[in-house]
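The values are calculated or read from the model by the stated rules, or taken from the named source; none is laboratory data. Given the structure is predicted, the values throughout are model-derived calculations rather than measurements. Here the Cβ positions follow ideal geometry from the backbone for every residue, glycine too, while neighbour counts run over all protein chains shown. These area figures cover heavy atoms from the full protein model, side chains too; ligands, DNA and RNA do not enter into them. Shrake-Rupley method; radii C 1.70, N 1.55, O 1.52, S 1.80 Å.
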Amino acid sequence: GARTYFDRDTFCCPNNYRRIMAELPGMICYRAKDGVAVNLYTQSTARIALDGGRTVTIQQETEYPTSGHVRIVVTPSEAMEFPLYVRIWGWCAKVTMALNDQPPVEVSPRRDFHEIRRVWNPGDAVTLAMDLPWRLVRGRKTQEGRAALMRGPVVYCIGTANNAALAEKYPNLGDLILDPASLGAPVADTSVRPGGLKVSAKAWPPESEPNGVAPLDVVLTEFVDPSGVTTYFRVADLSVAVDDELMDKKNESEKVE
């Protein structure tokens with residue numbers, strides 16, 4: 001949808017935003033150690049130079065993050081042995097991986113890269129299937145006592161476009177008490193982005209006791225929704241939420257260089 005970029009120039013955030021957007025393509029695939037790393041999942045093609053004038057082309061076929069299915073086609077300039085490192089996200093409890101036409105095998109949950117070392121031939125393919133479960137992430141500091149709703153890497157929000165009647169009655173939509181048990185499967189929502197998703201849920205009014213069946217219907221859309229007004233919600237039972245993975249320094253992902 002239409003966006004208005006920050007209309008004032010400063011030394012910090014606007015310029016860093018431009019810089020990181022320019023650098024982002026180089027973070028998808030890159031040479032790492034003695035092989036190649038696939039760090040981010042998106043429809044893309046990357047050609048990477050290796051030693052001795054050799055190259056390898058990595059092509060991704062995926063609708064991630066709409067789905068957790070990723071096909072990675074590896075095309076070296078000649079048959080050669082090297083490790084392919086594929087990112088396994090810390091929030092992903094179940095991942096299966098298949099090489100060419102072999103049966104898929106389950107990959108142990110981790111927070112770093114999974115190494116596949118073999119002799120690669122042109123056209124070899126690795127297929128990943130990642131679960132994208134709903135999860136509630138506990139808020140911190142000013143968001144203490146609330147939780148953000150995520151599916152895979154995507155944050156969901158309450159927007160006024162899909163909740164106009166609720167917004168009239170409850171101006172602060174972040175005070176609604178979300179019933180996580182009411183979350184179903186996401187459905188298509190192209191109003192925000194091509195291939196976008198939304199999900200319906202039940203909620204209790206602010207200041208009410210979250211008992212019985214929640215009477216309110218609320219629609220949650222992806223964070224890129226221009227009408228989004230809040231990403232942290234009150235929930236009936238905060239114990240079902242998990243800590244923010246980005247703040248978990250003890251299990252911080254390794255960087256493959």
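Can you give the accessible area of Tyr170 in Å² (nearest 10), computed on protein heavy atoms with a 1.4 Å probe?
For Tyr170, the solvent-accessible surface is approximately 40 Å².
Tell me the label-point distance for the pair Val242, Asp101, using the 7 Å Cα-to-Cβ offset, in nm and rounded to one decimal.
3.6
Can you tell me the FRET efficiency between Asp175 and Ala93 if r is taken as the Cβ-Cβ distance and R0 is 35 Å, rounded to the nearest 0.05?
After rounding, the FRET efficiency stands at 0.65.
For Thr55 and Asn39, calculate 0.36 nm times their separation in residues minus their Cα-Cα distance, and state this gained length in nm to one decimal.
Computed gain between Thr55 and Asn39 is 3.9 nm.
Could you state the principal axis extents of the C-alpha atoms in the chain, from the largest down, to the nearest angstrom?
Extents along the principal axes, in whole Å: 67, 48, 36.
In what sequence, highest mean first, do 210-217, 125-132, 102-109 appear when ranked by Cβ atoms within 10 angstrom?
125-132, 210-217, 102-109
Roughly what % of Cα-Cα distances in the stretch 151-257 sit above 23 Å, to the whole percent?
For the stretch 151-257, the fraction of Cα-Cα distances above 23 Å is 33 percent.
Output the 0 to 90 degree angle, nearest 10, between the alpha-carbon long axis of helix 13-23 and the longest principal axis computed from the alpha carbons of the chain.
Roughly 40 degrees, rounded to the nearest 10.
Taking the Cβ-Cβ separation of Arg71 and Thr142 as r and a Förster radius of 41 Å, what is the calculated FRET efficiency to the nearest 0.05?
According to the calculation, E is roughly 0.50.
At a probe size of 1.4 Å, how large is the accessible area of Ser191, to the nearest 10 Å²?
90
For Thr230 and Ala79, what does the FRET efficiency come to when R0 = 45 Å and r is the distance between their Cβ atoms, rounded to the nearest 0.05?
0.25
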